[in-house]
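Colleague: One structure is given below, represented as structure tokens, and several questions about it will come after.
The values are calculated or read from the model by the stated rules, or taken from the named source; none is laboratory data. Keep in mind that what you see is a predicted model, and the values were worked out from it rather than measured. Reconstructed Cβ throughout: ideal geometry from the backbone, glycine too, with neighbour counts over all protein chains shown.
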């Protein structure tokens, strides 16, 4: 990049900023203010008595964070959340990508069926979806146990089985986003590019890894980050399917833990500090991921 | 100009530098007309309750010109959110509300309910003192007990007869008895015991001389890790085992799910409430069961039951204080308690009304005996709501019954968590 380009970029930047200002204003109002409140609340002893004015506010500073970080349970739940989210993200991407490729290869009617099924899963509200899955996997009356001949088997009792079932549900309702996005991405690759690759002697594997994947990179980044954020924040599925975090709380993830320990118990200050920690972690993950991508390839 | 802007900006920032508080709840008003708002709990089978409440509303509206009563039925599961929202925004709050007695201390501390003056209400003298205590915080009455609920031991008479068994005479006998039944009839749970069934487990703790917490110098200190409490916890968690009530089936159950197994005809025994009687009568176990008080540590004793039940209270921010109090006295009074008993089976809280319905309904005998033997209650502190929300006791039961954790360790951890909540 030479200097003249940089200078133009700077001038453009100012104009771009002016154009972006309205959007920025909306973002500050809708995102900035809540985050500001969240951080603020996390610094106080803020319970129901304080909210309704029955007790004075006490400034704790980092007190809520100290309580949180010294809680062994928080760390084990955090670890569980990271592992659970990782499995869900990997599963979602694999299933979504595989079906996207499949969708480009099959006849129109098959693709239509695939998309309708995927959109159905996507459109199902999380609470309804979780409940339906629970019906399907019910120990005594469930369809799955009937088919497998395992009547009486409880799918939500064992820790790993319960996590597995919930992960499957999460993947089921989030893969359609990946499928649709990647399908559109693959379809948008110009035919000439693929033709050129073929003329240059690239095989199917070579075309996939050296041509299609690099072209899909920006899309993959978006769907991966989206999935990480979604799956890290899973609440409904765990809350509904393991009735609030499983036996003795062994299926807790961070969001449900925050709800149970802080919000349901009216400890809003502590709950807000969990929220801040989660936001910070997600920002770190996202930034780290973007950096790693930039280092390994071209700028996005 | 720039200075002025800076002042404005910093003033705004400073003013915003504390989380919002809704300010002390207004003490309300005393209007004598308009709409009186009432919140009652929704029930699985709400029809009969709604019919009785409608009669009370009609009677009240006829007696008060220009007054209408709007009754809303709220879900028990989401009550915490509803009440919190009502406390934070008095304008969306009801005037009269039904609420669970274990929630009382938290609601009062949250500034939600007004102190009630029962003077001049003749009927109030007949309220059972032990039951009225569940409506008090620091000696002041905030709620009139609308009905009381106690639990006793339901058992299947057909199964006991077939196996030639007698109901247990002590708590110690329950486990061997249940094991024998399940061995003879593998389809049945010996006793349906739930890992989340706090109020089914606590009588075991109380009967052994333990307690959830004890008061020390005006503060509560957890007693769940005392030797006596642990003896009771051991006795209860022993029931959640493959040869009585398999953890995979039972560890996740609360009270309702535990009773549901009995209703479905899949359990030989269960700790159930007087409020479960009607639903059991409409189930697979109908006509094949009997109820005895849950036995205590020694033969002839009755394990202290948890004095559950719901209260009626007047919200502190109510704009219609007098009307609200009058409606409360009508709905919570003797006549409508009697009608609620007929409709829902709710046990009345007036001594004379209770005795009267007990005479007419011998099936209530084990529950009345349990009540008379003395009941216990959860710690009366706003922090109890926190301990409840954090599921401290269910987690303790589940850790021991299903998680394979050591009872001493789990009880110590639960005690620590409770003490942290009591201290906050």
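Colleague: Kindly provide the set of residues from the stretch A:237-258 that are more than 9 Å from chain B (Cβ to nearest Cβ) and surrounded by fewer than 20 Cβ atoms within 10 Å (Cβ to Cβ), ordered by number.
Modeller: A:240
Colleague: Separate question: Look through the stretch A:137-151, keep the residues that are in a loop (DSSP other than H, G, I, E, B) and surrounded by fewer than 16 Cβ atoms within 10 Å (Cβ to Cβ), and return whichever of them is farthest from the other protein chains (Cβ to nearest Cβ).
Modeller: So the residue we want is A:149.
Colleague: Quick one: in the stretch B:230-257, which of the residues that are within 27 Å of residue B:383 (Cα to Cα) and touching a strand residue (DSSP E or B) at 6+ places or on another chain (Cβ under 9 Å) is surrounded by the fewest Cβ atoms within 10 Å (Cβ to Cβ)?
Modeller: Going through the qualifying residues, I end up with B:257.
Colleague: Which residues, taken from the stretch B:62-88, are touching a strand residue (DSSP E or B) at 6+ places or on another chain (Cβ under 9 Å), touching a residue at least 60 places away in the same chain (Cβ under 8 Å) and under 21 Å from residue B:383 (Cβ atoms)?
Modeller: Quick first cut of the stretch B:62-88, residues touching a strand residue (DSSP E or B) at 6+ places or on another chain (Cβ under 9 Å) only: B:64, B:66-76, B:79, B:82-83, B:86-87.
Next, from what is left, pick out any that are touching a residue at least 60 places away in the same chain (Cβ under 8 Å): B:64, B:67, B:69, B:86-87.
The answer is B:86, B:87.
Colleague: Are any of the residues in the stretch B:184-196 in a helix (DSSP H, G or I) and either modelled with pLDDT of 95 or more or not assigned by TED's automatic domain parsing to the domain that holds residue B:365 (or both)?
Modeller: So far as the stretch B:184-196 goes, yes, one or more of its residues are in a helix (DSSP H, G or I) and either modelled with pLDDT of 95 or more or not assigned by TED's automatic domain parsing to the domain that holds residue B:365 (or both).
Colleague: Further question on the same structure: So residue B:216 clears everything in (1) within 13 Å of chain A (Cβ to nearest Cβ); (2) more than 20 Å from the chain's Cα centre (by Cα); (3) at pLDDT below 95 except one condition, right? Which one?
Modeller: (1)
Colleague: Test residue A:84 against the criterion of being assigned to a helix (DSSP H, G or I), touching a residue at least 40 places away in the same chain (Cβ under 8 Å), within 14 Å of chain B (Cβ to nearest Cβ) and within 30 Å of residue A:251 (Cα to Cα), and give yes or no.
Modeller: No: the conditions fail for residue A:84.
Colleague: Out of all the residues in the stretch A:152-164, which are assigned to a helix (DSSP H, G or I), within 14 Å of chain B (Cβ to nearest Cβ) and either under 15 Å from residue A:235 (Cβ atoms) or touching a residue at least 12 places away in the same chain (Cβ under 8 Å) (or both)?
Modeller: A:159, A:162
Colleague: Next question, about the same structure. Can you tell me which residue within the stretch A:263-273, out of those that are in a helix (DSSP H, G or I) and facing chain B (nearest Cβ under 9 Å), is farthest from residue A:243 (Cα to Cα)? Spell out the reasoning first.
Modeller: To start, the set of residues in the stretch A:263-273 that are in a helix (DSSP H, G or I) comprises A:263, A:268-273.
Of the ones still in play, those that are also facing chain B (nearest Cβ under 9 Å) are A:263, A:268-269, A:272.
Details: A:263: 17, A:268: 22, A:269: 25, A:272: 23 Å.
The selected residue is A:269.
Colleague: So in the stretch B:326-340, with the set limited to residues that are surrounded by 22 or more Cβ atoms within 10 Å (Cβ to Cβ) and assigned to a helix (DSSP H, G or I), which one is modelled with the lowest pLDDT?
Modeller: Here is the first cut: in the stretch B:326-340, the ones surrounded by 22 or more Cβ atoms within 10 Å (Cβ to Cβ) are B:327-328, B:331-332, B:337, B:340.
When the remaining residues are screened for being assigned to a helix (DSSP H, G or I), the result is B:327-328, B:331, B:337, B:340.
Values: B:327: 96, B:328: 96, B:331: 96, B:337: 96, B:340: 93.
Per the criteria, the residue is B:340.
Colleague: For the stretch A:43-59, does any single residue satisfy the condition of being loosely packed, with under 13 Cβ neighbours inside 10 Å and out of contact with any strand residue (DSSP E or B) (no Cβ under 8 Å at 6 or more places or on another chain)?
Modeller: yes
Colleague: Shifting gears a bit: Scan the stretch B:165-176 for residues that are crowded, with 20+ Cβ neighbours inside 10 Å, part of a helix (DSSP H, G or I) and touching a strand residue (DSSP E or B) at 6+ places or on another chain (Cβ under 8 Å) and report the count.
Modeller: Adding up the residues that qualify gives 2.
Colleague: Please go through (1) free of Cβ contacts under 8 Å to residues at least 24 places away in the same chain; (2) within 14 Å of chain B (Cβ to nearest Cβ) for residue A:194 and return the number of the only condition it doesn't satisfy.
Modeller: (2)
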